[in-house]
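This report refers to the structure that appears directly beneath it.
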Amino acid sequence: MSILIIEILCITILIMTLSAILIEERKKRRGAMRPVKLKGYWDGANRRCARRLNMSLNVKYSIGGKSANAKSVDISSSGIRLLLDERTEAGVVLHLEIEIPDSGRIIKLRGDTVWSKESIEDEKGSAKRLFTTGIKFVKSSGDAEKELFSFLHRQR
């Protein structure tokens with residue numbers, strides 16, 4: 001009878017010890033699984049698929065047959081940021097004619113508006129309201145893409 005009581009006490013102590021270990025392991029796992037912001041990954045340029053060059057280029061754009069002139073803020077092989085006189089909605093397709101400095105050549109591309117917001121960038125001497133607009137290039141003719149890539153590569 002005394003052996004039975006000793007066995008029950010040993011089993012009870014063993015169960016309590018294992019329970020304490022499991023509780024501690026769960027606490028450690030919860031602490032390790034907290035969402036963490038990855039430093040560097042979401043800090044601006046690192047999340048882009050292509051390196052942007054800060055460059056002011058003359059750009060002519062048209063939306064639905066209406067055209068206007070704009071200036072670029074920056075450009076990459078995958079997109080361009082423009083200062084426009086009008087706000088455009090996301091998804092709107094723009095036809096772009098980008099003038100290459102010093103050569104006078106024009107690169108014709110299409111782009112989808114990704115975002116547009118009122119600009120805080122100062123256009124020298126302009127009293128107009130301007131909108132900074134992010135545009136992602138849509139696949140176009142191979143020649144236009146090659147020419148843009150070549151121009152950007154020379155600027156680096």
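The values are calculated or read from the model by the stated rules, or taken from the named source; none is laboratory data. It should be emphasised that the depicted structure is a prediction, and the values quoted were computed from it without experimental measurement. Using ideal geometry, Cβ is built from the backbone for each residue, glycine included, and neighbour counts are taken over all protein chains shown.
In the range 17-33, is there at least one residue being at pLDDT below 90, within 30 Å of F149 (Cβ to Cβ) and not in a loop (DSSP other than H, G, I, E, B)? Within the range 17-33 (the criterion being at pLDDT below 90, within 30 Å of F149 (Cβ to Cβ) and not in a loop (DSSP other than H, G, I, E, B)), the answer is no, since none of the residues qualifies. Looking at the range 105-117, can you tell me whether even one residue there is aromatic (F, W, Y), surrounded by fewer than 18 Cβ atoms within 10 Å (Cβ to Cβ) and under 20 Å from the mean Cα position of the chain (by Cα)? Yes, the conditions are met somewhere in the range 105-117. Among the residues making up the range 74-108, those that are polar (S, T, N, Q) and over 17 Å from S119 (Cβ atoms) are S76, S77, S78, S103.
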